[in-house]
Amino acid sequence: MKLNHSFFYTMREDAKDEDSRSGNLLVRAGMIKKTSSGIYMIMPMGKRVLAKIENIVREEMDRSGAQELLMPAMILEDVYEKSGRREAFGSNMFALKDRYQKNYVLGPTHEELFAVAASMKGKSYKDFPYNLYQIQTKYRDETRPRYGLIRVREFIMKDAYSFDVDLEGLDVSYQKMYEAYCNSFNRMDIRYKIVKADTGAMGGLLSEEFQAITNIGEDIVVGCEHCDFSSNLEITEVVETNEDSAEEMKPYEMVETPNAKTIEEVAAFFDRQVSDFVKTLVYRVDGKTVAFMLRGDRELNETKALKLLGANEMEMADFAEVERVTHARVGFAGPIGIDCPVIMDREITHMRNFIVGANKSDHHYVNVNINDFEPEKIGDIAQVHDGDRCPICGGKLKFEHGIEVGNLFKLGTKYATTMGLQYLDKNNQLQPVVMGSYGIGLERCMAAIVEQHNDEHGIIWPLSVAPYAVSIVIVSMKDELQKEMAEKLYQELESSGIEVLLDDRDERVGVKFKDMELIGIPYRVTVGRGISEGKVEFVERVSGEKQEVSLQECVDLLKKIILQ
């Protein structure tokens, strides 16, 4: 492509409303443009990158034996009600009505429709296995879109679904997708970790995520300093010490604690550690009020809490509700006498003589033990901390930020059962089909690559996804020889099958260099004064290494790097 008279622009200043390195660079490079919160245009240069990512994913999916189709984005709401997921998605699902007042939604994911499609073929056990996939736009009404393309409301996703007659077959299909994903992300040059994850609204038997390791990211990837343990923060177990306190249990008593409401203030008042305090947090869970008890230095893991209760949604209770169940001002909740069910973190079972709120303003109980109240449930509901014990080897855990670029789910028979997807087995008996689900976020891949591949000058695209492999920069548009030889080089590279960009704009050469660095073209050829002696400058974007070579040497070098 020739830049003169083409749609090409860049920005010198940082984008004011972007909160990630990738979002800022992609906007400045003229590859994306925000139209509203969580919704972006993909501009021509960015579309080329996205197409490269899409082609890699499609090639690996086709190589695995999967077949591509395309599902509608607008779906009858009844479909999700039938599977029981309409309530689970809640307000995250865009809803609308047609002119006949029928309820539709914009598809956030397509398990249900793929089950419907599969019913067209899956009549006998002999019809299995097979895998169907699509590359299509999804819609989710995110509460807080952020990090550029990482958390958005409209996004392109590759979602695939495998269909088998038993769990053994699912294991085989799952492994094929696992390998296809590794191949895809390796080809994109994404550094990733594969972590166990929560199955969430998808449900099923197993979930694994491909997390691109970055300095930012909404996910925390938990690893171990001593073994290969890797997990998402949402599901990482807090390992119990299995050591009960040797302290003798004392009778609890109420103590007035004026001006001590926060955990830190209470700990200071009693001259005790924060870990000696047990906090009680009041939540609304699926419309009901529930209190959660945690050690003072822990945070509630909402994913674990929802799973323990078999619930869908939870949020902190408002002040009025807290005061209703505690009969006190906010800040003095405790398990003794509270008017709602109590869920206790299992770490507390090993504690003795701890401090809790007394459900009375400006008062706390001291020397409380677990026989002084009756929790409805006990389980692991605490958030793991950096430095906690590894659940595999006992070593220290460490945290890294990650961007979830892909996920794998063993769904089992969940959707087949709700959607009536069955087959006749060898004994002529009806059985539910066993499904797997596999997703890749294409724009997330784009953002993850930029997060991992950039410097102070801009993006550094890996060759496999770069919008163009080579840029040719003409130093002076007034020099006829420079223009002539640059055009000759451009034509020769193009005819060889190399994607090349010719910067023939009437701009200062410094501007051209900065633009090529910003948009991340892997190789740059500068045609300047040296062309009178048949020489050009060859620059590698990653290393910044420069060398002067002849035109023919330049062509041979690029063919060797790019085409072989």
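The values are calculated or read from the model by the stated rules, or taken from the named source; none is laboratory data. Since this is a predicted model, take the numbers as computed values, not measurements. As a convention, Cβ positions derive from the backbone with ideal geometry for all residues, glycine included, and neighbour counts pool all protein chains shown. Side chains are part of the model used for accessible areas, which takes the heavy atoms of the whole protein and leaves out ligands, DNA and RNA. Shrake-Rupley method; radii C 1.70, N 1.55, O 1.52, S 1.80 Å.
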Whole-Hz couplings from phi, Karplus 6.51/-1.76/1.60, listed for the stretch 292-306; x for Gly and Pro:
10, 9, 9, 4, x, 9, 10, 10, 6, 8, 5, 4, 5, 5, 4
If you take every residue apart from Y80 with its C-beta less than 11 Å away from the C-beta of Y80, what net charge results, scoring Lys and Arg +1 and Asp and Glu -1?
-3
Keeping all protein chains in the complex and leaving out DNA, RNA and ligands, what accessible area do you get for S476 with a 1.4 Å probe, in Å² to the nearest 10?
40
Write out the chymotrypsin sites (Phe, Trp or Tyr not before Pro) in the stretch 1-98 meeting two conditions: DSSP loop, and at most 16 other Cβ atoms within 10 Å of their Cβ.
F7, Y9
Expected output is a single nm value to one decimal: the length gained when fully extending between C182 and D14, i.e. 0.36 nm times separation in residues minus the C-alpha distance. What is it?
57.1 nm
Around Y104 (Cβ within 13 Å, Cβ-to-Cβ, excluding Y104; K/R +1, D/E -1) the net charge comes to 0
Run the Debye formula on the Cα coordinates of the chain, all scatterers equal and no solvent, and tell me log10 I(q)/I(0) at q = 0.08 1/Å.
-0.70
If I take R0 = 51 Å and measure r between the Cβ atoms of K102 and S532 in this structure, what FRET efficiency does the formula 1/(1 + (r/R0)^6) give, to the nearest 0.05?
0.10
Flagged links, alpha-carbon separation over 24 Å, of K2/K488; K2/K483; K279/K304; K47/K121
K47/K121
Hey, what do the phi angles of the stretch 310-323 turn into as Karplus ³J(HN,Hα) couplings, whole Hz, using 6.51/-1.76/1.60 and θ = phi - 60°, x for Gly and Pro?
x, 9, 9, 9, 8, 8, 4, 5, 6, 4, 5, 5, 4, 5
Going from most exposed to least, what order do F399, F155, F538 have by accessible area with a 1.4 Å probe?
F399, F155, F538
At a 10 angstrom cut-off on C-beta neighbours, averaged per residue, how do the peptides 517-524, 374-381, 273-280 rank from highest to lowest?
517-524, 273-280, 374-381
Long-range amide H contacts for F354: which residues qualify at under 5 Å (H placed 1.01 Å from N, peptide plane, sequence gap of 5 or more or a different chain)?
N367, V368
Taking the Cβ of E209 as the centre, find all other residues whose Cβ is under 11 Å away and add up their charges (Lys, Arg: +1; Asp, Glu: -1).
-3
Of L76, L205, L50, which has the most accessible area with a 1.4 Å probe, and how do the rest follow in descending order?
L205, L76, L50
For the chain, what does the relative contact order come out to in percent, with C-alpha contacts under 8 Å and a separation of six or more?
17
Residue (of Q101, Q452, F155) at the positive-pole extreme of the chain, dipole from beta-carbon charges
Q101
Mean Cβ neighbour count within 10 Å, used as a protection proxy, ranking 182-192, 225-235 highest first
182-192, 225-235
For the stretch 119-151 and the stretch 333-354, what is the centre-to-centre distance using only Cα atoms, to the nearest Å?
42
Which ³J(HN,Hα) values in Hz, rounded to whole numbers, follow from the phi angles of the stretch 134-150 under the Karplus curve 6.51 cos²θ - 1.76 cosθ + 1.60, where θ = phi - 60° and Gly and Pro get x?
9, 10, 8, 7, 10, 9, 9, 7, 5, 5, 9, x, 6, 6, x, 7, 7
The answer for S361, listing residues at least 5 apart or on another chain whose modeled amide H is closer than 5 Å to its amide H, is R329
The relative contact order of the stretch 211-280, taking Cα pairs under 8 Å that sit 6 or more residues apart, comes to a percentage of 14
Members of K97/K193; K33/K288; K176/K398 lying beyond 32 Å, as alpha-carbon distances in this model show
K97/K193; K33/K288
Estimated FRET transfer efficiency when R0 is 41 angstrom, pair N427-E240 (beta carbons, to 0.05)
0.35
